[in-house]
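Take a look at the structure set out below.
The values are calculated or read from the model by the stated rules, or taken from the named source; none is laboratory data. What you are looking at is a predicted structure, and each value in this text was computed from that prediction instead of being measured. All Cβ positions, even for glycine, are placed from backbone atoms using ideal geometry, and neighbour counts span all protein chains on display.
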Amino acid sequence: MGWRLNCLGREADTGKEGRALQTTSELEALRRSVAKLREGGMSIGLVPTMGALHEGHLTLVRRAREACDYVVASIFVNPAQFGPNEDLDAYPRQLEEDAALLEGEGCALLWAPEVATMYPPGFATNISVSGVSEGFCGADRPGHFDGVATVVCKLFNQVQPDMAFFGEKDFQQLAVIRTMARDLDLTAPRAHQIIGVPTVREADGLAMSSRNRYLSSEARAAAACLPRAMKAAITAIEAGTDPAMALTELRETLASAGFERVDYAQLADAVNLVPISHLTGSPSRLLVAARIEGTRLIDNMPVG
């Protein structure tokens, strides 16, 4: 007989031999359902999200299903990673729609805690990952990666997954999480079991993001200039053009397309994210953040 957990953590018969999505917002119910999934030595892959799911998120679920017996997804709009002038209240919340998408992809369990569950009264712990969290988005969003590292560490401790899956679109976030897992000797998952999945893009090349929906049709069309300008800069750099010149051209191209501001456009070492001025023979990455119509878009691509 199948079963699932509703959002109050109560078990309900589904009659689908366990194939229906289980959903819970209570920690003890989560632990019970994870233990049930693990019966028989089954493996679990975790896909942490903030909801407003799109094809990029669903690609992570599919990748997790390929690698693990069961997939647990989390949806939690984490207030600790939003700054005072950022869009916490406006961030889209559509739990029912997201749950239907996850069920359609064969996700076994949805962990959707309330803020008070993740940060109960008296919560006083903060994880700060120096070095890799500095610069890039870390410079523009003080405290952001502390919030990311803290909530992801909690998710890892709550679910104890064998593997966890994150999109490479948030490349600095991925580096922060891997460093946190390594430095804190996390065993579930270990740092090498934190899997980066290549960025999923729209037909015109724009990286999929929940924030793309904020754009007007005109700004959305102009936003496609971002990946094109990045590819042009990478082609030039790989052909021997001085990276500084190529990145200046990238900035000018984005300004001409209607972007109001480029927060950063930088070539960096792909492992430690230290900025570099030329290709070194080691894996490199071009990272860009730019704003159009007030919406901040980020992207990155390998170089060399």
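Looking at region 156-215, which of the residues that are among the hydroxyl-bearing types (S, T, Y) and crowded, with 16+ Cβ neighbours inside 10 Å is farthest from S128 (Cα to Cα)?
Of everything passing the filter in region 156-215, Y214 is farthest from S128 (Cα to Cα).
All but one of (1) in contact with a Ser or Thr (Cβ under 9 Å, 6 or more places away or on another chain); (2) surrounded by fewer than 24 Cβ atoms within 10 Å (Cβ to Cβ); (3) over 16 Å from L110 (Cα atoms) hold for A149, so report the exception by its number.
(2)
Going by the conditions given, is E260 under 26 Å from the mean Cα position of the chain (by Cα), in the same structural domain as L286 (by TED's automatic domain parsing), farther than 25 Å from G56 by Cα and surrounded by fewer than 17 Cβ atoms within 10 Å (Cβ to Cβ)?
yes
Can you name the residue in region 21-46 that is among the hydroxyl-bearing types (S, T, Y) and in a loop (DSSP other than H, G, I, E, B) and is also surrounded by the most Cβ atoms within 10 Å (Cβ to Cβ) among such residues?
S25
Can you name the condition, by its number, that E96 falls short on among (1) exposed (fewer than 13 other Cβ atoms within 10 Å of the Cβ); (2) touching a residue at least 12 places away in the same chain (Cβ under 8 Å); (3) not in a loop (DSSP other than H, G, I, E, B)?
Among (1) exposed (fewer than 13 other Cβ atoms within 10 Å of the Cβ); (2) touching a residue at least 12 places away in the same chain (Cβ under 8 Å); (3) not in a loop (DSSP other than H, G, I, E, B), E96 violates only (2).
A quick yes/no check of all residues on (1) at pLDDT below 95; (2) touching an Asp or Glu at 6+ places or on another chain (Cβ under 9 Å); (3) at negative phi:
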{"site": "C7", "(1), (2), (3)": "yes, yes, yes"}
{"site": "G15", "(1), (2), (3)": "yes, no, no"}
{"site": "G51", "(1), (2), (3)": "no, yes, no"}
{"site": "L58", "(1), (2), (3)": "no, yes, yes"}
{"site": "A64", "(1), (2), (3)": "no, no, yes"}
{"site": "A67", "(1), (2), (3)": "no, yes, yes"}
{"site": "P79", "(1), (2), (3)": "no, no, yes"}
